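Asks: Encoded as structure tokens, here's the structure I'll be asking about.
The values are calculated or read from the model by the stated rules, or taken from the named source; none is laboratory data. On a predicted model such as this, the values are computed, not experimentally measured, just so you know. Counting neighbours? That spans all protein chains shown, and the Cβs are built from the backbone with ideal geometry, glycine included.
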Amino acid sequence: MRRREVITLLGGGATWPTAARAQQKPLPVIGLLDLRSPQAMGDRLRAFRQGLAEAGYVEGDNVTIVYRWADNSVERVPELAADLVRRQVNVIFAGGSVNVILAAKTATTTIPILFNVPEDPVRLGLVTSLARPGGNLTGINFFSGELIAKQLAFLHEMVPRAARVVLFVNPANIGSAGATEREAPLAARMLGLELKMVRASNAQEIDAGFATFATEPPDAMFLAVDGFFAIRRAQFVQQAAHHRLPALYPDREYVEIGGLMSYASNVAEAFRQTGIYAGRILKGVKPADLPVAQSSKYELVINHQTARILGLAVPQMLLVAADEVIE
């Protein structure tokens, strides 16, 4: 073989890996847009990735996830959403607040958008109906107004002497605050409780709300479900302990760090379901053809040690009903 032919063959062979790489399809990309910070999302992200894996997708293997965290700055959300649209991600998972989902909805009418919300997505204008979402949005509805009545009933069972209950809501979370402010007063009246609303959308307003307890001490408190409140859960639990205030929270994560009790949807399960939906969309299913799934998995979690510190005897009915009692 002549030298020129050898050089040609070697040169041609050197291009084979490059050509093979060029033929490989780029990995699909999920854009995760959230009001919160990654430090507050560890368990939920693991659940989301678990759902993705069940649908056949593993991050870094056959799917890429691009994260955009707003660190509780609502003002940053529209630009973060616009950035994901410019990147032409395959699907956006928007969370942490209804405001985030609405920002994503404003940013694109073509890229599929997934949500999991604690309010009625039809009333919020996210979908046409639960069975037939229409448009480019679908997801998981993991909370209902009826749950508020159940939460208050459990709190009343734990603290039967309670007459005055304070409720924290975040007015910046238009969906959650509105639903809670509609449902909670009626549920309180049914139990003969006097309800006071405290509105807080930043750490200073949370502290200011607790400061009012010095002159108007409530007998118990509970929190509306809210992404920002979840970020500040240590602040709520510490303040409640300082005021020796029995409290019911909207997520087990509060109870795991010393909160008294929670009754809520299993949010990690909602994130797992959202991961499954993301995988189905990546496989070609359109959001309009994916009914909004309603989470039916609820759990009552009680911190027995906190109850003892507060001088509360946990009723046997609650101990039996509890999905978990933290000793």
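Asks: Can you tell me which residue among Tyr277, Tyr263, Tyr298, Tyr249 is of a type in the set (Ser, Thr, Tyr), within 30 Å of Leu27 (Cβ to Cβ) and touching a residue at least 24 places away in the same chain (Cβ under 8 Å)?
Replies: Among Tyr277, Tyr263, Tyr298, Tyr249, only Tyr277 is of a type in the set (Ser, Thr, Tyr), within 30 Å of Leu27 (Cβ to Cβ) and touching a residue at least 24 places away in the same chain (Cβ under 8 Å).
Asks: Moving on to the next point. Could you check Ala177 against (1) farther than 28 Å from Ala307 by Cβ; (2) more than 17 Å from the chain's Cα centre (by Cα); (3) assigned to a helix (DSSP H, G or I) and say which number it fails?
Replies: (2)
Asks: Let me ask something else about it. Quick one: which of Gly125, Gly96 is of a type in the set (Gly, Ala, Ser) and either within 23 Å of Gly279 (Cβ to Cβ) or modelled with pLDDT of 95 or more (or both)?
Replies: Answer to the selection: Gly96.
Asks: Taking segment 119-162, which residues are among the basic types (Lys, Arg) and not assigned by TED's automatic domain parsing to the domain that holds Ala187?
Replies: Within segment 119-162, Arg123, Arg132 qualify.
Every residue, every condition in (1) farther than 26 Å from Pro171 by Cβ; (2) of a type in the set (Lys, Arg); (3) within 21 Å of the chain's Cα centre (by Cα), yes or no:
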{"residue": "Pro218", "(1), (2), (3)": "no, no, no"}
{"residue": "Phe228", "(1), (2), (3)": "no, no, yes"}
{"residue": "Ile231", "(1), (2), (3)": "no, no, yes"}
{"residue": "Gln238", "(1), (2), (3)": "no, no, no"}
{"residue": "Gln305", "(1), (2), (3)": "yes, no, no"}
{"residue": "Pro315", "(1), (2), (3)": "yes, no, no"}
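Asks: Pull up segment 207-248, narrow it to residues that are of a type in the set (Val, Ile, Thr) and crowded, with 21+ Cβ neighbours inside 10 Å, then point me to the one that is modelled with the lowest pLDDT.
Replies: Restricting to residues being of a type in the set (Val, Ile, Thr) and crowded, with 21+ Cβ neighbours inside 10 Å, the top hit is Val225.
Asks: Among the numbered criteria (1) of a type in the set (S, T, N, Q); (2) touching a helix residue (DSSP H, G or I) at 6+ places or on another chain (Cβ under 6 Å); (3) part of a helix (DSSP H, G or I), which one does Asn72 miss?
Replies: Single failed check for Asn72: (3).
Asks: For segment 180-201, enumerate the residues that are under 23 Å from the mean Cα position of the chain (by Cα) and either touching a residue at least 40 places away in the same chain (Cβ under 8 Å) or not in a loop (DSSP other than H, G, I, E, B) (or both).
Replies: Hits for segment 180-201 are Thr180, Glu181, Arg182, Glu183, Ala184, Met197, Val198, Arg199.
Asks: Give segment 270-287 a look and list any residue that's under 19 Å from the mean Cα position of the chain (by Cα) and either more than 17 Å from Leu147 (Cβ to Cβ) or surrounded by fewer than 21 Cβ atoms within 10 Å (Cβ to Cβ) (or both), or say none.
Replies: Correct list: Phe271, Arg272, Gln273, Thr274, Gly275, Ile276, Tyr277, Ala278, Gly279.
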